[in-house]
Amino acid sequence: MSDFKSDFRPTLRPVLGTKEEISSAAVKLSPMPEGAIIHVLAAPDASDIETRLRSLAKGDVRAVSPDQWFIVGEPLSHAEMKALFATLEPQATGVDQSQGRVRIRIEGKMVERVLAKGTAVDLSLTAFPVGHSATTLIGHIAAHLTRLDAQVFEVIVLRGFAESMWDDLVRMSLEFN
């Protein structure tokens, strides 16, 4: 067995780091800073795990699907993440998705109309209130959509699709620029 060790260290770069905010009177599109995105999966017999998550999480808890959530917030150190995962056991398991997913913010008075061009989700405020999340397709890309405020949404996509999603949202917004 070889004791060879490489000095190579990958450089992590924000996927949308070169993208600049796009803004008009009707729609604003901006890349969000890359922080922590933790995917939490509950055990089948877990009870009241969402309440527990909300008390433990350093960030926002977003529903993904039954018994699954994202914790979204500021970057966590390795020790903080390890401690969070330990407190979840045995009722749930956490998976760090921080380098695997990207967040995009889209807002403005025409935001629902822009997003409606790409998804079949009813985005009216009564059907999709503040704090509500849905996993959906936007165009052909799987996305996690959360309403942060009356005219503000966050889109989370897999890292490899972030630039395509950005470009799609830009195109969908052109009518309102």
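The values are calculated or read from the model by the stated rules, or taken from the named source; none is laboratory data. A quick note: this is a predicted structure, and the numbers were derived from the prediction, not measured. Neighbour counts run over all protein chains shown; Cβ positions are idealised from the backbone, glycine included. Side chains are part of the model used for accessible areas, which takes the heavy atoms of the whole protein and leaves out ligands, DNA and RNA. Shrake-Rupley method; radii C 1.70, N 1.55, O 1.52, S 1.80 Å.
Counting only residues that are of a type in the set (Gly, Ala, Ser) and farther than 23 Å from residue 159 by Cβ, which one in region 70-101 is surrounded by the most Cβ atoms within 10 Å (Cβ to Cβ)?
Per the criteria, the residue is 92.
I need every pair where a residue in region 70-85 that is free of Cβ contacts under 8 Å to residues at least 24 places away in the same chain has its Cβ under 8 Å from the Cβ of a residue that is surrounded by fewer than 16 Cβ atoms within 10 Å (Cβ to Cβ) and part of a strand (DSSP E or B), sequence separation at least 6 or different chains.
85/93
Give me a count of the residues in region 109-120 that are over 12 Å from residue 168 (Cα atoms) and either open to solvent by 40 Å² or more (accessible area, probe 1.4 Å) or among the aromatic types (Phe, Trp, Tyr) (or both).
Total meeting the criteria: 5.
Please work out which residue is most open to solvent (accessible area, probe 1.4 Å), limiting yourself to region 34-44 and to residues that are touching a residue at least 24 places away in the same chain (Cβ under 8 Å) and part of a loop (DSSP other than H, G, I, E, B).
34
On the given criteria, is residue 146 among the β-branched types (Val, Ile, Thr), more than 17 Å from the chain's Cα centre (by Cα) and closer than 23 Å to residue 54 by Cα?
Criteria not met by residue 146.
Say we look at region 7-33 and pick out the residues that are modelled with pLDDT of 85 or more, hydrophobic (A, V, I, L, M, F, W, C) and within 20 Å of the chain's Cα centre (by Cα); which of these is most open to solvent (accessible area, probe 1.4 Å)?
So the residue we want is 22.
Taking the condition assigned to a loop (DSSP other than H, G, I, E, B) and of a type in the set (Ser, Thr, Tyr), does residue 47 pass?
In short, yes.
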